[in-house]
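One structure below.
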Amino acid sequence: MNHFVSKNGELFCEQVAVAGIAREVGTPFYLYSKATLIRHFQAFDSAFAGIDHLTCFAVKACSNIAILNLFAGLGGGADIVSGGELYRALAAGVDPQRIIYSGVGKTEQELHYALEAGILLFNVESAQELARLQEVAADKGVKAPVSFRVNPDVDPQTHAYISTGLAKNKFGIPIDEAFDLYVQATGMENIEVKGVSCHIGSQLTLISPFIESLRKVKTFVERLAAKGIGIDFIDLGGGVGITYDEEQPPHPRDYAAAIMKELQGFTATLILEPGRVIVGNAGILVTEVQYTKSNRRTGMKSDQDAGLVKKFVVVDAAMNDLARPSLYGAYHAIVPVVEEKGAGREVVDIVGPICETGDFLARDRELPRVEQGDLLAVMSAGAYGFSMSSNYNSRPRVAEVLVDGSHYAIIRRRETFESLIEGETIPSGAEE
Ligand code: LLP
């Protein structure tokens, strides 16, 4: 359930009319509902109330500090994958002892920074990373708290680009190899072995792959215990998927119940790293129609429907603002912000201004007929929306707005042309 609702054909975010915000803030912009963010965080977190656990929001899904701060206030931690995400989490007020650090390519500087900050856990993904972490920790005279991310070789049955738990994916350490690393790590002076982690993929719509990998992790933890290696944390990675179209992902309650049942008899604290399930349906992208056009075959006149190939709705948001449709062929529902009564429907491609045919938000989509100046809302854009946006085609990144009841706040101002070239210089020699 979310707080984007249509009242008499007009889209509201909580009690605020989306069109009103568009008038004041301009388009495009991302719009988040605070009540939805809170509701989704609590629904997920409280589903695990029966077990000692820590919900570390996956910062990569939506990294605005206002949103990270909201989750920190609800007792959440952060799952980070870069020094930049650590900086954001700290700036947002996340307790370092609730921050865990995943990712295959942590640099020496990033390890330094995270050790300095005193984070809860490093999810180590290779023998070389372990060796580097030992060196950096020795240099600082501290002990680095470590979980190894194991690769359980389980098919999450999701999009190939976001499957991470198969042996052919770059993530984690094969379970057998991981065992030797644990043994090695327990003998390292500046490493403290704390946990086991895994993350098999994103946008999962089935519980069974989670359970399959958890069983492998459990067997592994028992094997470690037999060797005298105790574990304080079991990290199960990202959360469940969401409904973009007709997917029927499990409810967090059922997902949690299945996991807690599996974990009976285990005393380790469970760590979860949900991103999409918390923010996905709590955010939308609002865009304005710039032009409508129809492309016909050569030689066909504009009134001849026979030659019509495509109708396009050109909007002011593009693949640089929301990459998911172009990158994954992802579906996002798109609705008019104000629906004209009795408007006919038509099948269109909704495209942006970027100079690539791959720049689209939707293809062959049936939509109420729209005109220049109309506003469209791209739904379910809260996760991996703004956080994946770029400046491609030198487009300033859009504003982010947070609604709270009957008020809204700009939580990230729209970038300017000046900010586009900030940091760029023309070397003095080039002027001669
Ligand atoms: N933990 C780790 C280590 C991850 O790599 C991810 C996501 C998560 C947690 C959060 O997973 P979630 O709860 O959101 O499913 N850009 C893609 C999704 C990439 C996911 C990357 N890892 C998309 O737009 O669908």
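For the chain, DSSP calls about 50 percent of its internal beta bridges antiparallel.
Expressed as a whole number of Å, what is the distance separating the alpha-carbon centroids of the range 20-93 and the range 98-177? One Cα centre to the other: 22 Å. Ellipsoid fit via the Cα gyration tensor, the chain: semi-axes of 42, 25, 21 Å, each the root of five times an eigenvalue, largest first.
Taking amide hydrogens as placed 1.01 Å from N in the peptide plane, the amide H of residue 381 sits under 5 Å from those of 283, 284, 285, each at least 5 positions away in sequence or on another chain. Peptides 147-153, 219-225, 380-386 ranked from most to least packed, by the mean per-residue count of other Cβ atoms within 10 Å: 380-386, 147-153, 219-225. Taking 0.36 nm per residue of separation and subtracting the Cα-Cα distance, full extension of the segment from residue 257 to residue 296 would add 8.5 nm. Phi angles of the range 210-221 translate, via the Karplus equation with coefficients 6.51, -1.76, 1.60 and θ = phi - 60°, into HN-Hα couplings of 4, 5, 4, 6, 4, 4, 5, 5, 4, 4, 5, 4 Hz per residue; Gly and Pro are given as x. When the convex hull of its Cα atoms is viewed from all sides, the range 2-108 shows a mean projected area of 9.1 nm².
Here are some pairs, 143/216; 194/216; 34/218; 7/310; 60/106; which of them have Cα atoms lying more than 26 Å apart in this structure? Beyond 26 Å between Cα atoms: 143/216; 34/218; 7/310. Estimated from helical segments only, the mean residue ellipticity of the chain at 222 nm is -8000 deg cm²/dmol, where each DSSP H run of four or more residues counts as -39500 (n - 2.57).
On full extension, the segment bounded by residue 417 and residue 157 gains 89.4 nm, given 0.36 nm per residue less the C-alpha separation.
Over the range 312-432, the Kirkwood radius and the radius of gyration, each from Cα atoms, give a ratio Rg/Rh of 1.06. For the range 282-370, the alpha carbon convex hull comes to 111 Å³ per residue, rounded to a whole number. Rounded to two decimals, the Cα-based Rg/Rh of the range 143-245, with Kirkwood Rh, is 1.02. Peptides 88-96, 56-64, 287-295, 73-81 ranked from most to least packed, by the mean per-residue count of other Cβ atoms within 10 Å: 56-64, 73-81, 88-96, 287-295.
With θ taken as phi - 60° and the Karplus curve 6.51 cos²θ - 1.76 cosθ + 1.60 applied, the whole-hertz 3J(HN,Hα) list for the range 342-359 is x, 5, x, 10, 8, 9, 9, 9, 9, 10, x, x, 6, 7, 8, 5, x, 8 Hz, x standing for glycine and proline.
Each Cα pair of the range 34-279 feeds into the Kirkwood radius, which the Stokes-Einstein equation turns, at 10 °C and 1.306 mPa s, into a diffusion coefficient of 89 µm²/s.
Each reported figure results from applying straightforward, stated rules to the coordinates on display, with no laboratory input. Here the structure is a predicted model, which is why all the values come from computation and not from measurement. No Cβ is skipped: glycine too gets one built from the backbone with ideal geometry, and neighbour counts run over all protein chains shown.
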